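Asker: Here it is, the structure, as structure tokens.
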Amino acid sequence: GVPGDLKVTARSLNGSLFAGFLADALVGLSAAYPEMPFEEIMNDSGRRAVQQVKENCLFGTLAVFLGARVENFTTDRLSLDQIYALRGPDGTTWGEIVDRQKLGVNIGPRGSGARYEIGFPVFQYRGIAEEIIPWETTDATRAAYCRAGIKTLWTSTYVGEHLTTDWLAAGDVATFLGERFEGKPELNNC
């Protein structure tokens, strides 16, 4: 699953079995944007949570934050939307920063003049049992790439969930990359 829209993904992860991914993302964003309000909005549980994210591996973080909600870690029980509205010293909001991460925005093929020119074909896939990343963000990313004229090969025929789909798709990914290096025609099923 491609988390092309982090707001859609965060909404889905908040309070879910996979809330640890959201905890990892929030701590990562705070490290990338230290000027933005973060530490000062954390309550005691929030400060412990940040430390737990830093100390745990993937599975440890998933176990620690099973079913956790962002609201329980801030002093004023801030929702994701309320956090997105918080402004940094230059007036930029968290929401604007998260929106900058959205895939498929301001893209175009090489030579198009788009802000982000993509001069290579894309292979995007998803397992039919994807349970972590919402389908709508993966589908929207594919649609944005296709609208922008990016050659995109898409498949969602793998009989797997988030983790096992990587293994199931590995052969196709290797073939896709190998064919590109061999100069074979780029595939596109937009």
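The values are calculated or read from the model by the stated rules, or taken from the named source; none is laboratory data. All figures in this text were calculated on a predicted structure; none of them were measured in a lab. Reconstructed Cβ throughout: ideal geometry from the backbone, glycine too, with neighbour counts over all protein chains shown. Please note that ligands, DNA and RNA were not included when accessible areas were found on the heavy atoms of the full protein model with its side chains. Shrake-Rupley method; radii C 1.70, N 1.55, O 1.52, S 1.80 Å.
Asker: Can you spot a residue in the range 161-183 that is modelled with pLDDT of 95 or more, open to solvent by 70 Å² or more (accessible area, probe 1.4 Å), more than 29 Å from Q82 (Cα to Cα) and in a loop (DSSP other than H, G, I, E, B)?
Answerer: Scanning the range 161-183, I find at least one residue that is modelled with pLDDT of 95 or more, open to solvent by 70 Å² or more (accessible area, probe 1.4 Å), more than 29 Å from Q82 (Cα to Cα) and in a loop (DSSP other than H, G, I, E, B), so the answer is yes.
Asker: Against the definition (farther than 17 Å from V27 by Cα, of a type in the set (A, V, I, L, M, F, W, C) and assigned to a loop (DSSP other than H, G, I, E, B)), how does L103 come out, yes or no?
Answerer: Spelling it out, L103 is indeed farther than 17 Å from V27 by Cα, of a type in the set (A, V, I, L, M, F, W, C) and assigned to a loop (DSSP other than H, G, I, E, B).
Asker: Follow-up. Looking at the range 136-147, which of the residues that are closer than 17 Å to E117 by Cα and out of contact with any Ser or Thr (no Cβ under 8 Å at 6 or more places or on another chain) is surrounded by the most Cβ atoms within 10 Å (Cβ to Cβ)?
Answerer: T141
Asker: Then there's this: Mind checking which residues of the range 144-160 are within 13 Å of F123 (Cα to Cα) and in a helix (DSSP H, G or I)?
Answerer: Selection gives Y145, C146.
Asker: Identify all residues within the range 148-160 that are β-branched (V, I, T) and surrounded by fewer than 16 Cβ atoms within 10 Å (Cβ to Cβ); write none if there are none.
Answerer: Selection gives T155, T157, V159.
Asker: Further question on the same structure: On the basis of being buried (at least 20 other Cβ atoms within 10 Å of the Cβ) and out of contact with any Pro (no Cβ under 6 Å at 6 or more places or on another chain), does G28 make the cut?
Answerer: Here the answer is no, as G28 does not meet what is asked.
Asker: From E96, E131, which residue is surrounded by fewer than 16 Cβ atoms within 10 Å (Cβ to Cβ) and assigned to a loop (DSSP other than H, G, I, E, B)?
Answerer: Only one candidate passes the filter, namely E131.
Asker: Here is a follow-up. Kindly list, by first and then second residue, each pair from a residue in the range 39-51 that is open to solvent by 40 Å² or more (accessible area, probe 1.4 Å) to a residue that is among the aromatic types (F, W, Y), limited to pairs with Cβ atoms under 9 Å and residues at least 6 apart or on different chains.
Answerer: S45/F73; R47/F73; R48/F73
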